[in-house]
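The values are calculated or read from the model by the stated rules, or taken from the named source; none is laboratory data. Fair warning: this is a prediction, and the values are worked out from it, not measured in the lab. Here the Cβ is made from the backbone with ideal geometry for all residues, glycine too, and neighbour counts use every protein chain on show. Accessible surface areas use protein heavy atoms only, side chains included; no ligands, DNA or RNA. Shrake-Rupley method; radii C 1.70, N 1.55, O 1.52, S 1.80 Å.
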Amino acid sequence: MSDLRFSLSSYINDSLIKRRTNFLMERLIHLFFMRMDFDGESLLTLKDCAQQGRIVYASFQNSVTSLLILMNALRRHDLPVPHLALDFSLYSLQIISNLFKRMFRFFSRLTQKIEHEPIGDQQYMEQVLRENKGIIFSLLSGKMFKRRYIDIEEDPIQHLVEIQRRVQMPIFIVPQISFWNHNPERTKALLTPSATGDRSLISAVSTVARSATPAFIRIASPVNLMDEIAEFPDETSREVARRVRGKLLESYSFEKRSVLGPVIKTRQEMMEKVLYHTNVLDTIQQVTDEEKTSEKRLRKKAYGYFREIAADFSILYINYFYKSVQVMFRRIFDGFHYDIEDFKRIREASQAGPLIYVPSHRSHMDYLILSSMCYENKIIPPHIVAGSNLLFFPMGKVFRRSGAFFMRRSFKGLKLYGTIFRQYVKTLINEGYSIEFFIEGGRSRTGKLVYPKMGILKYLIESIDEGYNRDMVFVPLSINYDRILEETSYLGEIKGKEKKKESTSAFVQSRKLLRRRYGSVYLSFNEPVSYQTLRQQYPEGDPTEEIGMYLARKINEVVQVTPFSLVTTALLLSVSRGFTTETLKERVRQLYDYLASCGVPMTPSLKDGEFDSIIEYVISSYQNDDIVREIEQEGQGEPSGLYAVGEESRPRINLYKNNIVHYLLPLSYASVSLMALGANDSARMKGLRDTFSDIMELLRDEFVYTSAMEDAAAALDGALAYFEACGIVTLQGESVQITRQDDLRFYARGVQDFLESYQIVYRTIAESGGKRSRREMMSEIRKQGITMFHLGDVALSESLSMPTYQSAFAHAVSAGILTEQRFGKRNIDVRVEDPERARETLQRIGKYLQAIR
């Protein structure tokens with residue numbers, strides 16, 4: 001009786017991965033590519049798919065080299081390794097081995113009575129998947145295309161669709177690309193190797209060795225065949241396979257674009273596009289006519305302006321810069337915290353158009369950190385709008401080569417410069433480059449979000465409206481620090497000292513800042529949103545103002561509460577000068593409970609509610625800098641447990657309170673309103689609403705209010721409901737009874753320093769008359785603040801704040817109390833137009849402050 005054996009088709013036989021045949025190649029791959037691995041996002045994607053179903057890899061390369069590199073990485077992470085590699089090119093040893101096996105099977109059939117029952121390709125693939133073994137196929141294989149298109153045979157995707165119809169487990173087709181480097185494609189780079197091309201072993205080793213940027217493996221968004229079939233139940237398997245193939249091919253183009261970015265134009269090509277644009281040439285002609293100067297002279301000036309402005313993007317510089325800053329980051333920071341899913345959402349959103357990153361701006365570290373995190377997560381770093389103050393040697397060239405382009409602080413009297421800068425921004429959008437700009441204009445010295453500046457945003461909006469690109473995607477984000485490097489320099493500027501100009505000597509001196517640690521850094525991203533989506537919300541007129549405020553609110557929504565911001569807020573809002581860790585802990589918990597009830601983002605260390613270690617960590621850090629000191633008591637040989645914040649140190653740490661003060665505004669405003677009206681510990685609702693709205697309007701130039709906060713009545717009702725739940729007030733119809741005055745005073749102190757700053761400014765205005773320069777007026781305000789503080793009219797040293805004075809000054813101008821008249825390039829005269837309204841505003845502020853104190 002003859003034996004029965006199963007017979008595989010030659011197609012499947014040639015696709016079986018035989019480790020003994022591949023032994024030498026695998027050893028070489030392990031030796032030369034041991035560092036080539038998945039990025040973090042790709043690894044998470046693979047692990048999720050492996051837990052939920054079966055994985056089939058769709059490779060955009062078909063060489064054995066890329067296949068074995070992938071297998072090596074999969075084994076390293078204990079993930080399903082392909083057992084079957086369909087349509088991959090075979091190397092010589094494998095071809096010879098397969099030939100001998102075919103000859104052996106042929107002679108076996110002739111000499112032995114063995115019956116062979118053929119197994120279909122689809123049946124065998126199903127068996128492999130049921131045994132939880134991996135399959136990989138090459139999506140761009142010429143051999144497979146011939147089978148599909150000319151021979152009209154079923155391709156692997158169609159087989160997989162048929163298998164999915166029979167099995168219950170989901171089958172994930174996971175697109176995979178080996179990037180041999182991170183180098184963007186350039187218009188003039190004949191010798192630069194392709195980042196994703198097929199490579200033999202020698203070619204791959206040579207490419208990776210010559211490249212300054214690392215090689216890695218990317219996993220694109222998987223396709224769930226179960227979902228694809230369910231979405232279109234009436235389609236045939238061939239139709240589903242064709243649609244899935246289209247999705248996979250789109251993912252290849254998308255991954256290349258998101259990782260490598262658009263094709264990099266040379267600086268000369270960008271110059272041609274910008275300086276020969278009609279907008280620039282028309283401005284040159286206009287200025288020629290107005291200033292009666294030669295066109296040649298203006299063209300020479302335009303050439304100089306472009307060279308001053310334009311970036312000279314180089315991925316090599318970014319790679320070296322990334323390695324350098326990583327060394328620095330390890331020295332000064334304890335770690336970086338972010339959700340890797342945020343980068344996945346950003347990558348997906350980039351399909352709609354160029355990414356426009358809009359981060360908060362609290363430190364010079366901001367742009368270093370964001371570019372580093374993008375590069376680390378295999379997203380091309382953005383071009384960065386930087387101030388021309390950063391053009392000092394040697395960092396100016398490094399920043400420029402790392403993607404920075406530079407703008408002057410003012411375009412006054414520089415019509416041609418403004419046109420060239422605007423046209424350069426539009427050209428970047430036209431080419432599809434991502435851009436990072438700070439909507440606050442400059443770094444926040446106070447810790448809170450600065451009221452947005454609309455200039456760059458307007459240029460970006462014009463770019464889309466004028467057809468330079470179909471859309472762009474805004475990415476609002478917040479970068480938070482336990483402590484910032486510029487802490488002490490900000491203190492000087494807040495007190496009125498001139499900002500030190502960035503220079504080579506200042507850069508050298510700043511190295512001393514790198515000798516200490518500053519805790520952790522926290523990145524949090526809000527949902528990306530396309531410009532066209534926002535345009536539909538504001539269809540009439542120029543939407544710049546509305547979109548700018550929208551983006552500022554979205555940044556504020558994702559500011560994370562850190563251990564330092566939480567503990568510092570509790571410290572500075574406390575009425576008593578001294579504190580024990582127990583009393584501080586009560587106030588920390590009080591703040592934490594409110595913030596948690598609002599769903600405010602918090603750092604990982606706060607989410608478990610373990611306050612003892614957090615307070616100890618913050619107080620210890622402040623003690624090391626003599627910000628907090630332990631009070632010694634006579635006759636005690638052991639620590640007293642009583643601490644105090646030095647009066648001169650309060651402004652230094654006030655910025656950490658201000659990081660999160662916008663979350664507390666409903667409680668702070670409600671508390672001030674209740675205390676101002678509650679002469680007999682009760683207040684009427686109508687008076688509360690009016691007072692709450694008045695405080696909101698008074699400080700409108702100081703804070704970016706949330707959309708919910710803009711509804712003053714609802715914000716007040718929410719605060720009162722929280723107070724009642726905590727037993728701080730009792731609601732009785734249209735009246736509110738105060739039951740715990742100290743708690744109200746605690747929350748009210750959240751805005752006391754701002755109200756005191758406004759009091760200083762309005763007293764100066766009320767006592768002034770006539771006209772003077774803005775510089776003289778600000779000098780008088782500063783002197784007035786120092787006098788009031790030492791006379792006891794101002795209680796908090798952090799109220800002596802030049803940035804807050806300037807906001808109060810802007811409030812007086814917008815209210816018509818002051819008028820400004822500009823003469824020359826930098827000189828501004830100020831006139832007090834309505835001293836009576838200034839005195840009335842001062843009286844209202846005094847009433848609120850008296851209630852708090």
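Would you tally the residues in segment 539-554 being outside any helix (DSSP H, G or I) and open to solvent by 10 Å² or more (accessible area, probe 1.4 Å)?
Here the count works out to 4.
For segment 168-183, what are the residues that are open to solvent by less than 10 Å² (accessible area, probe 1.4 Å) and either over 30 Å from PRO262 (Cβ atoms) or not hydroxyl-bearing (Ser, Thr, Tyr) (or both)?
Passing the criteria: ILE171, ILE173, VAL174, PRO175, GLN176, ILE177, PHE179, TRP180, ASN181, HIS182.
Being free of Cβ contacts under 8 Å to residues at least 12 places away in the same chain and open to solvent by 50 Å² or more (accessible area, probe 1.4 Å) narrows it down to one of LYS499, LYS495, so name that one.
Sole residue among the options that is free of Cβ contacts under 8 Å to residues at least 12 places away in the same chain and open to solvent by 50 Å² or more (accessible area, probe 1.4 Å): LYS499.
Can you go through THR419, THR446 and tell me which one is over 27 Å from ALA352 (Cβ atoms), touching a residue at least 24 places away in the same chain (Cβ under 8 Å), of a type in the set (S, T, N, Q) and not in a loop (DSSP other than H, G, I, E, B)?
Residue meeting the stated conditions: THR419.
For segment 555-635, please list each of the helices (runs of 4 or more DSSP H) lying entirely inside it that holds at least 2 residues being of a type in the set (Asp, Glu) and open to solvent by 10 Å² or more (accessible area, probe 1.4 Å).
Once the helices (runs of 4 or more DSSP H) in segment 555-635 are filtered for at least 2 residues that are of a type in the set (Asp, Glu) and open to solvent by 10 Å² or more (accessible area, probe 1.4 Å), what remains is 581-597, 611-624.
Please indicate, with yes or no, whether at least one residue in segment 379-399 is in contact with an Asp or Glu (Cβ under 8 Å, 6 or more places away or on another chain), part of a loop (DSSP other than H, G, I, E, B) and without any contact (Cβ under 8 Å) to a residue 60 or more places away in the chain.
yes
Could you say whether any residue in segment 379-394 is touching a strand residue (DSSP E or B) at 6+ places or on another chain (Cβ under 9 Å) and of a type in the set (Phe, Trp, Tyr)?
No, the conditions are met nowhere in segment 379-394.
Cβ-Cβ distance below 8 Å, separation of 6 or more or different chains: which pairs start in segment 733-745 with a residue that is part of a helix (DSSP H, G or I) and end on one that is aromatic (Phe, Trp, Tyr) and open to solvent by 30 Å² or more (accessible area, probe 1.4 Å)?
none
Given the conditions (1) at pLDDT 95 or above; (2) farther than 26 Å from TYR338 by Cα; (3) buried (at least 18 other Cβ atoms within 10 Å of the Cβ), and given that TYR490 satisfies all but one, which numbered condition is not satisfied?
Result: TYR490 passes all but (1).
Looking at segment 774-786, I want the residues that are closer than 15 Å to ARG763 by Cβ and have a partner that is part of a helix (DSSP H, G or I) with Cβ atoms under 6 Å, at least 6 apart or on another chain. Which pairs are those?
Cβ pairs passing all conditions: GLU780/THR764; ILE781/VAL761; ILE781/THR764; ILE781/TYR805; GLN784/ILE760; GLN784/THR764; GLY785/ILE760.
Does segment 339-380 hold any residues that are at pLDDT 95 or above, closer than 21 Å to TYR656 by Cα and of a type in the set (Ser, Thr, Tyr), and which are they?
SER360, the sole residue that qualifies.
In segment 636-676, which residue that is open to solvent by 20 Å² or more (accessible area, probe 1.4 Å) and of a type in the set (Phe, Trp, Tyr) is modelled with the lowest pLDDT?
In this case the residue turns out to be TYR643.
Would you check which residues across segment 449-464 are part of a helix (DSSP H, G or I) and open to solvent by less than 30 Å² (accessible area, probe 1.4 Å) and list them?
Answer for segment 449-464, where residues must be part of a helix (DSSP H, G or I) and open to solvent by less than 30 Å² (accessible area, probe 1.4 Å): ILE456, LEU457, TYR459, LEU460, ILE461, SER463, ILE464.
Taking segment 54-79, which residues are surrounded by fewer than 20 Cβ atoms within 10 Å (Cβ to Cβ) and within 24 Å of GLN164 (Cα to Cα)?
Scanning segment 54-79 gives a single hit, LEU79.
Quick check: anything in segment 268-290 under 30 Å from TRP180 (Cα atoms) and of a type outside the set (A, V, I, L, M)?
Yes, because at least one residue in segment 268-290 is under 30 Å from TRP180 (Cα atoms) and of a type outside the set (A, V, I, L, M).
Out of (1) of a type in the set (A, V, I, L, M, F, W, C); (2) open to solvent by 50 Å² or more (accessible area, probe 1.4 Å); (3) assigned to a loop (DSSP other than H, G, I, E, B), what's the single condition that is false for ALA311?
The one condition ALA311 does not meet is (2).
For the list (1) open to solvent by less than 80 Å² (accessible area, probe 1.4 Å); (2) over 22 Å from VAL672 (Cβ atoms); (3) of a type outside the set (Ser, Thr, Tyr); (4) out of contact with any Gly (no Cβ under 8 Å at 6 or more places or on another chain), I need the number of the one condition that ALA808 fails.
Result: ALA808 fails condition (2) only.
Yes/no per residue for (1) open to solvent by less than 60 Å² (accessible area, probe 1.4 Å); (2) among the basic types (Lys, Arg); (3) outside any helix (DSSP H, G or I); (4) without any contact (Cβ under 8 Å) to a residue 40 or more places away in the chain:
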| site | (1), (2), (3), (4) |
| --- | --- |
| GLU798 | yes, no, no, no |
| PRO803 | yes, no, no, no |
| VAL813 | yes, no, no, yes |
| GLY816 | yes, no, yes, yes |
| VAL830 | yes, no, yes, no |
| GLU836 | no, no, no, yes |
| ARG839 | no, yes, no, no |
| GLN843 | no, no, no, yes |
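May I ask you to list the residues in segment 162-201 that are modelled with pLDDT under 90 and over 21 Å from ILE264 (Cβ atoms)?
ASP198, ARG199, SER200, LEU201 - these are the residues of segment 162-201 that are modelled with pLDDT under 90 and over 21 Å from ILE264 (Cβ atoms).
Please go through segment 106-158 and give me each residue that is of a type in the set (S, T, N, Q), at pLDDT 90 or above and open to solvent by 100 Å² or more (accessible area, probe 1.4 Å), ordered by number.
Listed by number, the list holds a single entry, GLN123.
Is it the case that segment 254-264 has a residue that's under 22 Å from GLU185 (Cβ atoms), out of contact with any Gly (no Cβ under 6 Å at 6 or more places or on another chain) and in a loop (DSSP other than H, G, I, E, B)?
Looking through segment 254-264, at least one residue is under 22 Å from GLU185 (Cβ atoms), out of contact with any Gly (no Cβ under 6 Å at 6 or more places or on another chain) and in a loop (DSSP other than H, G, I, E, B).
Would you check which residues across segment 751-783 are crowded, with 18+ Cβ neighbours inside 10 Å and touching a Lys or Arg at 6+ places or on another chain (Cβ under 6 Å) and list them?
The one that is crowded, with 18+ Cβ neighbours inside 10 Å and touching a Lys or Arg at 6+ places or on another chain (Cβ under 6 Å): ALA766.
Here is a check on your reading of the model: is LEU796 more than 38 Å from the chain's Cα centre (by Cα), modelled with pLDDT of 90 or more and within 21 Å of GLU702 (Cα to Cα)?
No: the conditions fail for LEU796.
Residue by residue, here is whether (1) part of a helix (DSSP H, G or I); (2) open to solvent by 10 Å² or more (accessible area, probe 1.4 Å); (3) closer than 17 Å to VAL661 by Cβ holds:
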| position | (1), (2), (3) |
| --- | --- |
| LEU688 | yes, no, no |
| SER693 | yes, yes, no |
| GLU697 | yes, yes, no |
| ALA708 | yes, yes, yes |
| LEU716 | yes, no, no |
| LEU720 | yes, no, no |
| THR730 | no, yes, no |
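Quick check on ASP753: is it assigned to a helix (DSSP H, G or I) and either within 30 Å of VAL832 (Cα to Cα) or modelled with pLDDT of 95 or more (or both)?
Judged against the criteria, ASP753 is a match.
Restricted to segment 225-246, and to residues that are touching a residue at least 24 places away in the same chain (Cβ under 8 Å) and either open to solvent by 30 Å² or more (accessible area, probe 1.4 Å) or part of a loop (DSSP other than H, G, I, E, B) (or both), which residue is farthest from ASP155 (Cα to Cα)?
By that ranking, first place goes to ASP227.
Which of the following residues is closer than 28 Å to LEU655 by Cα and surrounded by fewer than 22 Cβ atoms within 10 Å (Cβ to Cβ): GLY396, GLY413, GLY442, GLY432?
The match here is GLY442.
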